[in-house]
(Lines give C-alpha, C1' and ligand atoms only; values in the text may rest on other atoms or scores of the structure.)
Protein backbone atom coordinates (compact mmCIF):
# COMPACT_ATOMS: atom_id res chain seq x y z
CA UNK A 1 0.00 0.00 0.00
CA UNK A 2 1.48 3.33 -1.13
CA UNK A 3 0.35 6.54 0.58
CA UNK A 4 -0.16 9.46 -1.80
CA UNK A 5 -0.51 12.70 0.16
CA UNK A 6 -2.20 15.28 -2.05
CA UNK A 7 -0.21 18.49 -1.62
CA UNK A 8 1.30 20.96 -4.05
CA UNK A 9 4.06 22.04 -1.65
CA UNK A 10 5.40 18.90 0.08
CA UNK A 11 6.31 15.66 -1.60
CA UNK A 12 6.72 14.64 -5.26
CA UNK A 13 3.20 13.37 -5.85
CA UNK A 14 1.84 16.58 -7.34
CA UNK A 15 4.36 16.65 -10.15
CA UNK A 16 2.35 16.10 -13.38
CA UNK A 17 5.47 14.80 -15.08
CA UNK A 18 5.77 11.77 -12.81
CA UNK A 19 3.84 8.53 -13.10
CA UNK A 20 3.67 6.04 -10.23
CA UNK A 21 2.94 2.32 -10.42
CA UNK A 22 1.80 1.08 -7.00
CA UNK A 23 0.21 -2.26 -6.16
CA UNK A 24 -2.45 -0.09 -4.53
CA UNK A 25 -2.54 3.42 -3.15
CA UNK A 26 -4.27 5.37 -0.41
CA UNK A 27 -4.86 8.81 -1.91
CA UNK A 28 -5.50 11.36 0.82
CA UNK A 29 -5.22 15.00 1.79
CA UNK A 30 -2.22 15.38 4.08
CA UNK A 31 -3.66 18.13 6.26
CA UNK A 32 -1.53 21.25 5.71
CA UNK A 33 -3.33 24.47 4.71
CA UNK A 34 -2.75 25.21 1.02
CA UNK A 35 -4.73 26.02 -2.08
CA UNK A 36 -4.24 24.91 -5.65
CA UNK A 37 -4.39 21.79 -7.82
CA UNK A 38 -2.56 18.53 -7.32
CA UNK A 39 -2.27 16.11 -10.25
CA UNK A 40 -1.42 12.50 -9.54
CA UNK A 41 -0.70 10.04 -12.38
CA UNK A 42 -1.02 6.31 -11.65
CA UNK A 43 -0.29 3.32 -13.83
CA UNK A 44 -1.28 -0.31 -13.26
CA UNK A 45 1.48 -2.07 -11.38
CA UNK A 46 3.32 -5.24 -12.18
CA UNK A 47 1.12 -6.38 -15.01
CA UNK A 48 2.83 -9.44 -16.55
CA UNK A 49 3.67 -9.30 -20.23
CA UNK A 50 2.57 -12.49 -22.05
CA UNK A 51 5.43 -14.28 -23.80
CA UNK A 52 3.44 -15.34 -26.82
CA UNK A 53 1.32 -12.43 -28.02
CA UNK A 54 0.00 -14.48 -30.96
CA UNK A 55 -1.90 -16.71 -28.55
CA UNK A 56 -3.54 -13.67 -26.94
CA UNK A 57 -4.18 -11.56 -30.02
CA UNK A 58 -7.92 -11.73 -29.51
CA UNK A 59 -7.83 -11.04 -25.76
CA UNK A 60 -8.12 -7.51 -24.47
CA UNK A 61 -5.20 -6.96 -22.09
CA UNK A 62 -6.19 -4.20 -19.72
CA UNK A 63 -6.53 -3.26 -16.08
CA UNK A 64 -9.64 -2.30 -14.23
CA UNK A 65 -8.97 0.34 -11.58
CA UNK A 66 -11.10 -0.16 -8.49
CA UNK A 67 -11.67 3.01 -6.42
CA UNK A 68 -13.31 3.04 -2.98
CA UNK A 69 -14.09 6.35 -1.28
CA UNK A 70 -13.26 6.55 2.44
CA UNK A 71 -13.94 10.24 3.15
CA UNK A 72 -15.53 12.66 0.65
CA UNK A 73 -14.02 16.11 -0.07
CA UNK A 74 -15.33 19.25 1.58
CA UNK A 75 -18.24 21.19 0.14
CA UNK A 76 -17.52 24.54 -1.58
CA UNK A 77 -13.76 24.24 -1.05
CA UNK A 78 -12.51 21.14 -2.90
CA UNK A 79 -13.37 18.43 -5.41
CA UNK A 80 -11.67 15.48 -7.07
CA UNK A 81 -11.64 14.50 -10.75
CA UNK A 82 -10.58 11.03 -11.88
CA UNK A 83 -9.84 10.55 -15.58
CA UNK A 84 -8.96 7.39 -17.48
CA UNK A 85 -6.55 7.11 -20.39
CA UNK A 86 -9.47 7.10 -22.83
CA UNK A 87 -10.87 10.35 -21.39
CA UNK A 88 -13.65 8.93 -19.18
CA UNK A 89 -14.15 11.14 -16.12
CA UNK A 90 -15.51 10.68 -12.62
CA UNK A 91 -16.15 13.74 -10.44
CA UNK A 92 -16.22 13.25 -6.68
CA UNK A 93 -17.61 16.03 -4.49
CA UNK A 94 -19.04 16.40 -0.99
CA UNK A 95 -22.40 14.90 -2.01
CA UNK A 96 -20.87 11.46 -2.56
CA UNK A 97 -21.34 9.08 0.37
CA UNK A 98 -18.57 7.20 2.14
CA UNK A 99 -17.93 3.74 0.75
CA UNK A 100 -18.90 4.65 -2.82
CA UNK A 101 -17.15 2.51 -5.43
CA UNK A 102 -15.98 3.29 -8.97
CA UNK A 103 -14.48 1.23 -11.81
CA UNK A 104 -12.44 2.40 -14.78
CA UNK A 105 -11.14 0.11 -17.54
CA UNK A 106 -7.75 1.67 -18.09
CA UNK A 107 -4.06 1.11 -17.46
CA UNK A 108 -3.37 4.75 -16.62
CA UNK A 109 -5.28 7.02 -14.27
CA UNK A 110 -5.04 10.75 -13.57
CA UNK A 111 -6.38 12.13 -10.27
CA UNK A 112 -6.76 15.91 -9.94
CA UNK A 113 -7.36 17.32 -6.48
CA UNK A 114 -8.56 20.96 -6.52
CA UNK A 115 -8.52 22.87 -3.22
CA UNK A 116 -9.76 26.47 -3.11
CA UNK A 117 -9.73 27.26 0.64
CA UNK A 118 -7.03 26.63 3.23
CA UNK A 119 -9.50 25.92 6.02
CA UNK A 120 -11.18 23.85 7.30
CA UNK A 121 -8.81 20.90 7.13
CA UNK A 122 -10.18 18.12 4.94
CA UNK A 123 -10.29 14.39 5.73
CA UNK A 124 -10.56 13.33 2.09
CA UNK A 125 -9.21 9.82 1.39
CA UNK A 126 -9.81 7.02 -1.10
CA UNK A 127 -8.24 3.66 -2.00
CA UNK A 128 -7.12 3.08 -5.58
CA UNK A 129 -6.34 -0.51 -6.59
CA UNK A 130 -5.37 -1.74 -10.07
CA UNK A 131 -7.12 -5.10 -10.51
CA UNK A 132 -5.04 -7.47 -12.63
CA UNK A 133 -6.59 -9.44 -15.45
CA UNK A 134 -7.06 -13.22 -15.32
CA UNK A 135 -7.34 -15.42 -18.39
CA UNK A 136 -7.39 -19.15 -18.96
CA UNK A 137 -4.03 -18.97 -20.72
CA UNK A 138 -2.40 -16.71 -18.19
CA UNK A 139 -3.59 -16.92 -14.58
CA UNK A 140 -0.51 -15.86 -12.60
CA UNK A 141 -1.98 -13.85 -9.71
CA UNK A 142 -0.74 -12.86 -6.29
CA UNK A 143 -4.15 -13.22 -4.64
CA UNK A 144 -7.39 -14.34 -6.24
CA UNK A 145 -10.37 -12.10 -5.42
CA UNK A 146 -12.66 -15.09 -6.04
CA UNK A 147 -13.94 -13.62 -9.26
CA UNK A 148 -13.65 -14.84 -12.83
CA UNK A 149 -11.71 -11.84 -14.10
CA UNK A 150 -9.41 -10.02 -11.68
CA UNK A 151 -6.91 -10.47 -8.86
CA UNK A 152 -4.59 -8.29 -6.74
CA UNK A 153 -1.05 -8.36 -5.44
CA UNK A 154 -0.42 -10.63 -2.44
CA UNK A 155 1.08 -7.78 -0.42
CA UNK A 156 -2.39 -6.24 -0.11
CA UNK A 157 -3.84 -9.08 1.97
CA UNK A 158 -4.83 -8.09 5.53
CA UNK A 159 -3.53 -4.53 5.24
CA UNK A 160 -6.81 -3.19 6.72
CA UNK A 161 -7.84 -1.71 3.37
CA UNK A 162 -10.39 -3.19 1.00
CA UNK A 163 -8.66 -3.88 -2.30
CA UNK A 164 -10.89 -6.62 -3.68
CA UNK A 165 -14.40 -5.38 -4.52
CA UNK A 166 -15.91 -8.20 -2.43
CA UNK A 167 -13.51 -7.49 0.51
CA UNK A 168 -12.29 -11.08 0.51
CA UNK A 169 -8.70 -9.86 1.03
CA UNK A 170 -9.64 -8.66 4.54
CA UNK A 171 -12.22 -11.31 5.47
CA UNK A 172 -9.99 -13.90 7.18
CA UNK A 173 -7.48 -11.66 8.95
CA UNK A 174 -6.27 -12.05 12.53
CA UNK A 175 -7.37 -8.56 13.52
CA UNK A 176 -10.99 -9.67 13.00
CA UNK A 177 -10.63 -12.41 15.63
CA UNK A 178 -10.99 -10.18 18.66
CA UNK A 179 -12.86 -10.87 21.86
CA UNK A 180 -16.45 -9.59 21.88
CA UNK A 181 -17.15 -6.60 24.06
CA UNK A 182 -18.74 -7.08 27.46
CA UNK A 183 -22.51 -6.91 27.73
CA UNK A 184 -24.23 -4.30 29.89
CA UNK A 185 -25.00 -6.88 32.57
CA UNK A 186 -21.37 -8.02 32.69
CA UNK A 187 -20.19 -4.41 32.96
CA UNK A 188 -22.58 -3.79 35.90
CA UNK A 189 -21.38 -6.95 37.70
CA UNK A 190 -17.76 -5.95 37.16
CA UNK A 191 -18.47 -2.47 38.48
CA UNK A 192 -20.17 -3.86 41.62
CA UNK A 193 -17.22 -6.17 42.28
CA UNK A 194 -14.73 -3.33 41.90
CA UNK A 195 -16.74 -1.06 44.21
CA UNK A 196 -16.96 -3.86 46.81
CA UNK A 197 -13.20 -4.39 46.73
CA UNK A 198 -12.51 -0.65 46.99
CA UNK A 199 -15.01 -0.25 49.88
CA UNK A 200 -13.46 -3.18 51.76
CA UNK A 201 -9.98 -1.71 51.36
CA UNK A 202 -11.11 1.69 52.60
CA UNK A 203 -12.91 0.14 55.61
CA UNK A 204 -9.81 -1.93 56.48
CA UNK A 205 -7.58 1.13 56.35
CA UNK A 206 -9.93 3.18 58.57
CA UNK A 207 -10.43 0.31 61.01
CA UNK A 208 -6.69 -0.21 61.34
CA UNK A 209 -6.08 3.49 61.74
CA UNK A 210 -8.59 4.03 64.57
CA UNK A 211 -8.09 0.71 66.39
CA UNK A 212 -4.32 0.81 66.24
CA UNK A 213 -4.40 4.44 67.32
CA UNK A 214 -6.55 3.65 70.38
CA UNK A 215 -4.40 0.63 71.28
CA UNK A 216 -1.20 2.64 71.03
CA UNK A 217 -2.69 5.37 73.19
CA UNK A 218 -3.74 2.81 75.82
CA UNK A 219 -0.23 1.31 75.91
CA UNK A 220 1.24 4.78 76.25
CA UNK A 221 -1.05 5.58 79.20
CA UNK A 222 0.02 2.37 80.94
CA UNK A 223 3.68 3.21 80.48
CA UNK A 224 3.18 6.73 81.79
CA UNK A 225 1.31 5.33 84.84
CA UNK A 226 4.24 3.08 85.71
CA UNK A 227 6.64 5.99 85.54
CA UNK A 228 4.59 8.34 87.79
CA UNK A 229 5.25 8.17 91.61
CA UNK A 230 2.69 6.43 93.78
CA UNK A 231 0.81 8.82 96.04
CA UNK A 232 -0.85 7.44 99.15
CA UNK A 233 -3.99 8.88 100.40
CA UNK A 234 -3.87 10.37 103.83
CA UNK A 235 -4.43 7.71 106.47
CA UNK A 236 -3.77 4.76 104.15
CA UNK A 237 -1.55 2.00 105.46
CA UNK A 238 1.56 1.18 103.48
CA UNK A 239 2.70 -2.37 103.02
CA UNK A 240 6.41 -3.23 103.28
CA UNK A 241 6.58 -3.79 99.48
CA UNK A 242 4.89 -0.47 98.82
CA UNK A 243 7.23 1.32 101.27
CA UNK A 244 10.24 -0.19 99.48
CA UNK A 245 8.96 1.01 96.11
CA UNK A 246 8.37 4.52 97.44
CA UNK A 247 11.82 4.61 99.04
CA UNK A 248 13.46 3.57 95.75
CA UNK A 249 11.58 6.27 93.84
CA UNK A 250 12.59 8.86 96.47
CA UNK A 251 16.26 7.85 96.34
CA UNK A 252 16.24 8.07 92.54
CA UNK A 253 14.77 11.54 92.73
CA UNK A 254 17.58 12.68 95.03
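The values are calculated or read from the model by the stated rules, or taken from the named source; none is laboratory data. Quick caveat, the model's predicted, so the values are computed rather than measured. Note that we place each Cβ from the backbone using ideal geometry, even for glycine, and neighbour counts take in every protein chain shown.
If only residues of the range 68-82 that are free of Cβ contacts under 8 Å to residues at least 40 places away in the same chain and buried (at least 19 other Cβ atoms within 10 Å of the Cβ) are counted, the one that is nearest to the chain's Cα centre (by Cα) is 79.
If the condition is being under 13 Å from residue 67 (Cα atoms) and either touching a residue at least 24 places away in the same chain (Cβ under 8 Å) or not assigned by TED's automatic domain parsing to the domain that holds residue 29 (or both), then the range 84-95 contributes 84, 92.
With respect to residue 99, is the statement that it is in the same structural domain as residue 73 (by TED's automatic domain parsing), surrounded by fewer than 18 Cβ atoms within 10 Å (Cβ to Cβ), within 20 Å of residue 2 (Cα to Cα) and in contact with a helix residue (DSSP H, G or I) (Cβ under 7 Å, 6 or more places away or on another chain) true? When the stated conditions are applied, residue 99 does not pass them. Which condition does residue 15 not pass, out of (1) modelled with pLDDT of 85 or more; (2) crowded, with 16+ Cβ neighbours inside 10 Å, if it passes all the others? Just one mismatch for residue 15, condition (2).
A single member of 118, 108 is surrounded by 12 or more Cβ atoms within 10 Å (Cβ to Cβ) and either in the same structural domain as residue 20 (by TED's automatic domain parsing) or more than 26 Å from residue 169 (Cα to Cα) (or both), and it is 108.
Note on the range 7-37: residues that are more than 19 Å from residue 85 (Cα to Cα) and out of contact with any strand residue (DSSP E or B) (no Cβ under 8 Å at 6 or more places or on another chain) total 6. Would you confirm whether or not the range 134-141 contains a residue that is at pLDDT below 90, outside any loop (DSSP other than H, G, I, E, B) and either assigned by TED's automatic domain parsing to the domain that holds residue 96 or crowded, with 17+ Cβ neighbours inside 10 Å (or both)? No, that holds for no residue. The residues of the range 76-106 that are within 22 Å of residue 123 (Cα to Cα) and assigned to a strand (DSSP E or B), listed by number, are 78, 79, 80, 81, 82, 83, 90, 91, 92, 101, 102.
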